[in-house]
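Each remark here refers to the structure printed beneath this line.
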């Protein structure tokens, strides 16, 4: 058992040596095999294949552009994504806090793409239709934005943002 660990350890050491280094294999009288970077009497030089390395591209070289109309991949290039409702600056009552967002894009959504609504910077709804309902929105003023996301969930276009105010009855009344 110890012999196997010695051989395995020696092989691992031989593989991790820098490329171009000489590696020597020696078998003693008891049959124990050792590897070393220093020559000893009776050792034979062996050729170690270089270790394959891969250099990964930098993140900025592989990240997708914010807008699809800047991508040279031939897919849908969006010119616009906007809200039909609610209107920018609108204030309205919603007893339950449910808000229906109606959005559209130009051109229409591509295959596998969806609209994503962010409310106060957080994603809250996704749909391939132009109607998205967000439930239980607290009273007060909120910022909403519409994005187009692709089949991988990546934002490929960021459209308009709006501000609106929700009035809700107090829980105490």
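The values are calculated or read from the model by the stated rules, or taken from the named source; none is laboratory data. In this text, all values refer to a predicted model and were calculated from it rather than measured experimentally. Glycine also receives a Cβ, built like all others from the backbone with ideal geometry; neighbour counts cover every protein chain displayed.
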Do we have residue 40 as at pLDDT below 85 and not assigned by TED's automatic domain parsing to the domain that holds residue 104 here? no
Being part of a strand (DSSP E or B) and either out of contact with any strand residue (DSSP E or B) (no Cβ under 6 Å at 6 or more places or on another chain) or surrounded by fewer than 15 Cβ atoms within 10 Å (Cβ to Cβ) (or both), is that true of even one residue in the range 147-160? yes
With 23, 33, 48 as the choices, which residue is at pLDDT 85 or above, under 44 Å from the mean Cα position of the chain (by Cα) and surrounded by 10 or more Cβ atoms within 10 Å (Cβ to Cβ)? 23
Criterion: in contact (Cβ under 8 Å) with a residue 24 or more places away in the chain, within 28 Å of the chain's Cα centre (by Cα) and in a strand (DSSP E or B) - qualifying residue of 109, 132: 132
